[in-house]
Amino acid sequence: MSFGEFSANSGSGGTSEYNRLCGCVSNNIQAINKNVASIERLVDKLGTSEDHSQLQSKLQQTEQATQKLAKETNSFLKQLPHLLGEAPADKRQRKIQVEKLADNFTAALNSFQKVQRIAAEKERESVSRARSISSTMPAPSQMGGFTDDHTLAENDRTAGGLQVQAEEEVSVELIEERERAIRQLESDIVGVNEIFRDLATMVYEQGEVIDSIEAHVEVTSVNVEQANVQLDKASHYQKAARKKMCCILVIVVLAAVVLGLIIYFSLK
């Protein structure tokens with residue numbers, strides 16, 4: 001982004017838009033942090049006796065809402081460097097504010113991605129456990145062949161109990177649903193990585209622009225100082241030349257007077 005783009009996008013309207021975007025970014029960061037805390041609580045409950053389908057539904061909804069907030073916040077932040085204002089003091093102050101917002105957003109994204117990874121890992125463990133149970137469950141035909149009625153009844157009850165306990169985990173549809181949730185989480189994690197790259201690029205470019213502005217101001221300052229030095233030198237030379245002219249004029253006048261006196265006395 002060039003120095004001229006700042007001037008083109010500044011003014012009272014730019015100030016109003018700048019303040020609005022800063023407010024949106026700040027509010028979104030707070031919402032992201034709040035959602036991350038909710039996701040952490042939901043993730044802690046994964047694998048417990050609480051209904052997994054209900055937990056997973058809440059988790060997906062909250063995670064997707066947070067992902068949307070992250071993308072929106074990233075879009076807002078990318079607009080802010082274009083609205084830093086015209087005055088050098090405004091640029092410096094707003095640059096610091098944007099950097100602080102970017103830092104807070106980065107911290108929120110780090111927390112979000114961390115809990116995303118934990119959720120994905122727990123879901124993988126859940127799917128692996130469900131597939132393991134599915135592959136080791138005895139088939140009904142394998143439960144026959146017992147001559148002892150008591151033993152047969154006991155084994156039937158045990159097998160039935162295991163089947164009821166593992167029914168939800170062994171469900172093929174449920175396993176596929178969990179795998180889809182894992183793929184979505186992995187995709188969202190990649191999306192957060194892309195936002196990190198955008199932030200790094202934005203901070204780098206903003207730093208370059210501000211450095212360019214500061215360099216421009218410094219060069220202007222140096223040029224002014226050099227001009228002042230040249231003016232001082234010119235003034236000094238002018239004064240010296242004036243003194244020299246005065247001396248020459250006095251000498252010429254004295255010489256004319258002396259010559260005039262000599263001529264006068266010679267003729268007399």
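The values are calculated or read from the model by the stated rules, or taken from the named source; none is laboratory data. Remember, predicted model here, so these are calculated numbers, not experimental data. As a convention, Cβ positions derive from the backbone with ideal geometry for all residues, glycine included, and neighbour counts pool all protein chains shown. Just the protein is used for accessible areas: all its heavy atoms, side chains included, with ligands, DNA and RNA removed. Shrake-Rupley method; radii C 1.70, N 1.55, O 1.52, S 1.80 Å.
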Legend entry - Search result, residues across segment 36-73 that are open to solvent by 30 Å² or more (accessible area, probe 1.4 Å) and touching a residue at least 60 places away in the same chain (Cβ under 8 Å): Glu40, Gly47, Ser53, Gln60, Gln64, Lys71
Inset, instruction - Give the number of residues within segment 76-95 that are over 20 Å from Asn27 (Cβ atoms) and assigned to a helix (DSSP H, G or I). - result: 8
Legend entry - Among (1) open to solvent by less than 50 Å² (accessible area, probe 1.4 Å); (2) assigned to a helix (DSSP H, G or I) - the single one Glu121 does not satisfy: (1)
Inset, instruction - For segment 169-218, name all the residues that are open to solvent by 50 Å² or more (accessible area, probe 1.4 Å), of a type outside the set (S, T, N, Q), under 30 Å from Ser128 (Cβ atoms) and at pLDDT 85 or above. - result: Arg183, Glu186, Val190, Glu194
Inset, instruction - Sort out which residues of segment 84-93 are within 15 Å of Asn19 (Cβ to Cβ) and buried (at least 19 other Cβ atoms within 10 Å of the Cβ), and write them in order of number. - result: Leu84, Gly85
Legend entry - Pair list, Cβ < 6 Å and 6+ apart or interchain, from segment 12-33 residues that are more than 20 Å from Ala87 (Cβ to Cβ) to residues that are open to solvent by 30 Å² or more (accessible area, probe 1.4 Å) and part of a helix (DSSP H, G or I): Cys24/Phe76; Val25/Phe76; Asn28/Leu69; Ile29/Asn104; Ala31/Leu69; Ile32/Leu69
Inset, instruction - Output the residues belonging to segment 94-118 that are more than 23 Å from Thr15 (Cβ to Cβ), in contact (Cβ under 8 Å) with a residue 60 or more places away in the chain and open to solvent by 30 Å² or more (accessible area, probe 1.4 Å). - result: Thr106, Ser111, Arg117, Ile118
